[in-house]
Amino acid sequence: MGENKQLTGKTTESQRVVSGCPVTAILILYGLPRLLTGSIMAHEMMHAYLRLNVKLVWCM
């Protein structure tokens, strides 16, 4: 953060629309506490939902 709490050095990249971005699996580690497992599952399911419904390609 720079002066006046503004982000510095932030770059943006364009995203392109594609058709068909299948989600075939969500992998979860075994042996984690139940609450942590639930929060990870919710997070990963949101990624899957966005992949299936928003049709954007993220730069990974």
Complete set of residues in the stretch 15-38 that are at positive phi and modelled with pLDDT of 85 or more: GLY31
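Can you confirm whether LEU50 is modelled with pLDDT of 70 or more and in contact with a strand residue (DSSP E or B) (Cβ under 8 Å, 6 or more places away or on another chain)? Even if it seems obvious, please write down each step before you answer.
Values: modelled with pLDDT of 70 or more: yes; in contact with a strand residue (DSSP E or B) (Cβ under 8 Å, 6 or more places away or on another chain): yes.
The answer is yes for LEU50.
The values are calculated or read from the model by the stated rules, or taken from the named source; none is laboratory data. On a predicted model such as this, the values are computed, not experimentally measured, just so you know. Quick reminder, even Gly has a Cβ in these numbers, built from the backbone with ideal geometry, and neighbours come from all protein chains shown.
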